[in-house]
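Q: A single structure is presented below for examination.
The values are calculated or read from the model by the stated rules, or taken from the named source; none is laboratory data. Computed from a prediction, not measured in an experiment: that's the story for all the values here. Every residue, glycine as well, gets a Cβ built from its backbone with ideal geometry; the counts of neighbours run over all protein chains shown.
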Amino acid sequence: MRFALETDPKRARTLPFVAVWLILLLLGGLSLWAAFLGLGMWTPAVQSGIAAIQTALVFTVFMRLKGEPSLKWVFAVGGFLWLSFLFGLSMTDYSSRQGWPTMYDPSGPSYQLPRHSP
């Protein structure tokens, strides 16, 4: 049984696509599990690694970018650059904001200690 991907959509078999879809579901579950694992400062690195694997699978299988370079690659890279540009602008906006309200301020006027009944 050959597990290679066919680039022609009319002759493509469904088994590789279903297999990659199941792998993506497993990686999504692994990502969810790793979020609650308590890895501390390594959590973003693990999540980014899982997301990179998922992105590579989507690019190579579902977008059919595997193979010789073509015009598809130009549009894929252009879309990725545009997405990184939007994320970059969003992060500069987020990092330059001042006066965010604090989530917990015990010295604030509206803070009251919870009352426990004996």
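Q: Only one of these conditions is not met by Leu22: (1) more than 13 Å from the chain's Cα centre (by Cα); (2) modelled with pLDDT under 95; (3) over 23 Å from Ser70 (Cα atoms); (4) of a type outside the set (Gly, Ala, Ser). Which number is it?
A: Failing condition for Leu22: (2).
Q: Answer yes or no as to whether Ala34 is at pLDDT 90 or above and surrounded by 14 or more Cβ atoms within 10 Å (Cβ to Cβ).
A: Spelling it out, Ala34 is indeed at pLDDT 90 or above and surrounded by 14 or more Cβ atoms within 10 Å (Cβ to Cβ).
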